[in-house]
Amino acid sequence: MSTITQKTISPTELQQKQEAGENVKLIDVRTPVEFRESHVEFAKNQPLDKLDPTGLMESLDCGDEPVYVMCRSGNRAKMAIDKFHQAGFENVVNVEGGMVQWEADGQPAIHGKKAISLERQVRIVAGSIVFIGAMLGYFVNPAWVFLSAFIGAGLVFAGITDTCGMGIMLSKMPWNQVKDEGCSI
């Protein structure tokens, strides 16, 4: 983790800056599918797993102006900001509560094609594997129960570390990819 304290801004404050004519640089670090589903009009999509802070800062040419970062709820934005800090960029601000809070506050958003969220996909896959492991353990061989135990341990690890290997793997699947629609940097 970064030793630099992360700055935050509320969605309402950020929208007010945009409406006041400030040159707001907003980076959305969600997956392209999540971004396509709903996003802030002036946001640029730069998925966390492809984030290159140095290259991005050079392309934004923002000088001393802050760069704002958001995701779905704020967790991935925090990780992105840590990457910026490690690369030497300190004027990076987390949008509190991410897109969930943005919409809860009634701020304007662009809505596109709906998709099953990555979080729901993880629950579906993990639940299916646990169920299959339990059934195989009961009907085929008791050793299959370790499949369910492995998935359970992975979910505990994901909860403790706030990283999810299954989520990362699922984000790479073809149904979670978006053909270039000009929405990323």
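The values are calculated or read from the model by the stated rules, or taken from the named source; none is laboratory data. Computed from a prediction, not measured in an experiment: that's the story for all the values here. Here the Cβ positions follow ideal geometry from the backbone for every residue, glycine too, while neighbour counts run over all protein chains shown.
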Seminar exercise, completed: If we keep only residues of the range 63-87 that are in contact (Cβ under 8 Å) with a residue 12 or more places away in the chain and part of a loop (DSSP other than H, G, I, E, B), then the residue farthest from the chain's Cα centre (by Cα) is Asp64
Exercise. Hey, any hits in the range 172-180 for a residue that's under 24 Å from Leu51 (Cβ atoms), at pLDDT 95 or above and not basic (Lys, Arg)?
Worked result: no
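Kindly establish whether Val92 is in contact with a His (Cβ under 8 Å, 6 or more places away or on another chain) and either over 18 Å from Ser73 (Cβ atoms) or surrounded by 14 or more Cβ atoms within 10 Å (Cβ to Cβ) (or both).
Values: in contact with a His (Cβ under 8 Å, 6 or more places away or on another chain): yes; either over 18 Å from Ser73 (Cβ atoms) or surrounded by 14 or more Cβ atoms within 10 Å (Cβ to Cβ) (or both): yes.
Taking the combined requirement at face value, the residue satisfies it.
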For this session: Identify the residue in the range 1-35 that is in contact with a strand residue (DSSP E or B) (Cβ under 9 Å, 6 or more places away or on another chain) and under 23 Å from Gly165 (Cα atoms) and, among all such residues, is surrounded by the fewest Cβ atoms within 10 Å (Cβ to Cβ).
Result: Pro32
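Of everything in the range 151-171, what is outside any helix (DSSP H, G or I) and either on the phi > 0 side of the Ramachandran plot or loosely packed, with under 11 Cβ neighbours inside 10 Å (or both)? Give them in sequence order.
Going through the range 151-171, the residues outside any helix (DSSP H, G or I) turn out to be 162-164.
The one that is outside any helix (DSSP H, G or I) and either on the phi > 0 side of the Ramachandran plot or loosely packed, with under 11 Cβ neighbours inside 10 Å (or both): Asp162.
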For this session: Determine the pairs where a residue that is touching a residue at least 40 places away in the same chain (Cβ under 8 Å) and in a helix (DSSP H, G or I), located within the range 100-118, has a partner that is acidic (Asp, Glu) and surrounded by 14 or more Cβ atoms within 10 Å (Cβ to Cβ) with Cβ atoms under 8 Å apart, the partner being 6 or more residues away or on another chain.
Result: Leu118/Glu34
